[in-house]
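Presented below is the structure to which this report refers.
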Amino acid sequence: MVAMSVEDLRENGRQSSKGNQLKWESKGIWYKADYLGYEGLAECVVSELLKKSDLKSSEYVFYEPEEIQYRSVTYNGCRSRDFSEGWQVITLERLFKNYYGTGLNEGIYSITDHKDRFQFLVEQVERTTGIKEFGKYMCKLFTIDAFFLNEDRHTHNISVLMDGKGRFRLCPIYDNGAALMSDTRMDYPMGCDVLAEVGYVKAKTICEDFDEQLEIAEAFCGQQIRFGFSAKDVQSILEKMQIYDEEIRNRVETILRNQRRKYQYLFA
């Protein structure tokens with residue numbers, strides 16, 4: 001357990017349809033408290049399983065479970081190292097408002113065709129930042145979002161890194177706390193049939209359908225991620241998450257088993 005002070009608390013300026021978590025930073029480590037359910041568990045499980053993919057470790061942020069004491073309350077949550085390396089983490093929405101006075105999300109949803117939305121997003125980001133092959137990066141995000149059911153990937157929740165000279169580079173993939181139906185307070189309460197509820201989980205980047213987003217991105221860029229984990233790997237990872245109740249861990253295992261059957265082609 002780690003104790004956090006008021007001085008360590010960091011304001012969360014990122015807008016989210018799922019609300020704002022308490023966040024702290026101390027000695028180069030970030031801590032996030034669960035807000036709507038088991039966001040910390042979702043972050044940890046997703047990053048553990050990304051270790052068993054063909055992504056490089058530099059391409060995503062790794063999370064570990066943590067109990068966080070703040071004032072008189074103890075929260076479940078997670079911790080991760082500061083990945084910014086002195087660069088500024090800037091969301092695509094804020095980037096475009098700073099540069100053009102209007103948000104990227106507004107531009108995306110002014111376009112009717114979903115394929116054109118994807119192409120617009122990629123071309124605008126590449127033109128503004130100079131980052132090449134941003135489409136492949138988005139395809140990786142869409143793969144992760146579809147497989148792990150991350151319902152909070154809008155343009156306030158996709159970022160790039162910018163240095164003091166205005167140069168840009170890709171941001172490691174982070175913030176998967178809304179994955180795996182972690183919202184037990186509002187949308188997916190404990191005790192519900194999660195497999196019956198999966199169809200209600202919606203994407204947010206270019207449309208509401210995870211599969212359509214992924215199909216569009218793969219049509220442009222090809223498949224970008226292969227997984228290599230087994231059912232035993234999932235069980236082993238969840239066994240390490242003892243700060244979470246067994247009911248929650250069993251629920252996450254059920255979701256992952258279902259998603260693995262559905263997206264079998266993503267496995268080597």
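The values are calculated or read from the model by the stated rules, or taken from the named source; none is laboratory data. Just so it is clear, the structure is predicted and the values come from calculations on it, not from any experiment. We place every Cβ from the backbone using ideal geometry, glycine too, and count neighbours over all the protein chains shown.
One table, with the values for the structure above:
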item	result
Residue pairs meeting the criteria (Cβ under 7 Å; at least 6 apart or on separate chains; first within 15 Å of Leu180 (Cα to Cα), in region 137-150; second in a helix (DSSP H, G or I) and of a type in the set (Gly, Ala, Ser))	Phe142/Ala217
Answer residue from region 1-26, given it is at pLDDT 85 or above and either touching a Lys or Arg at 6+ places or on another chain (Cβ under 7 Å) or of a type in the set (Ser, Thr, Tyr) (or both) and is surrounded by the fewest Cβ atoms within 10 Å (Cβ to Cβ) among those	Ser5
Hits in region 70-83 (condition: closer than 19 Å to Glu43 by Cα, hydroxyl-bearing (Ser, Thr, Tyr) and surrounded by fewer than 16 Cβ atoms within 10 Å (Cβ to Cβ))	Thr74
Selection status of Ala196, among the aliphatic types (A, V, I, L, M), more than 21 Å from Val46 (Cα to Cα) and out of contact with any Cys (no Cβ under 7 Å at 6 or more places or on another chain)	yes
The lone exception for Gln235 - which of (1) polar (S, T, N, Q); (2) loosely packed, with under 14 Cβ neighbours inside 10 Å; (3) in contact with a His (Cβ under 8 Å, 6 or more places away or on another chain) it fails	(3)
Residues located in region 50-59, provided they are among the polar types (S, T, N, Q) and not in a helix (DSSP H, G or I)	Ser53
Elements of type helices (runs of 4 or more DSSP H) contained in region 208-265, each with 3 or more residues being over 19 Å from Lys140 (Cα atoms), in contact (Cβ under 8 Å) with a residue 40 or more places away in the chain and under 21 Å from the mean Cα position of the chain (by Cα)	231-239, 246-262
Hey, Arg117 at pLDDT 95 or above, surrounded by fewer than 22 Cβ atoms within 10 Å (Cβ to Cβ) and over 20 Å from the mean Cα position of the chain (by Cα) or not	yes
Residue identified as without any contact (Cβ under 8 Å) to a residue 12 or more places away in the chain and small (Gly, Ala, Ser) among Ser80, Ser72	Ser72
Any hit, region 106-126, residues being in contact with a strand residue (DSSP E or B) (Cβ under 8 Å, 6 or more places away or on another chain) and touching a residue at least 60 places away in the same chain (Cβ under 8 Å)	no
Within region 68-114, tally of residues that are over 24 Å from the mean Cα position of the chain (by Cα), charged (D, E, K, R) and over 30 Å from Met241 (Cα atoms)	1
Filter result for Met181 (out of contact with any Phe, Trp or Tyr (no Cβ under 6 Å at 6 or more places or on another chain), in a loop (DSSP other than H, G, I, E, B) and modelled with pLDDT of 95 or more)	no
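Rundown of residues vs (1) closer than 26 Å to Ile255 by Cβ; (2) under 18 Å from the mean Cα position of the chain (by Cα); (3) in a helix (DSSP H, G or I), yes/no style:
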position	(1), (2), (3)
Lys132	no, no, no
Lys136	no, yes, yes
Leu141	yes, yes, yes
Ala146	yes, yes, yes
Glu151	yes, yes, no
His154	yes, yes, no
Asn157	yes, yes, no
Val160	no, yes, no
Gly166	no, no, no
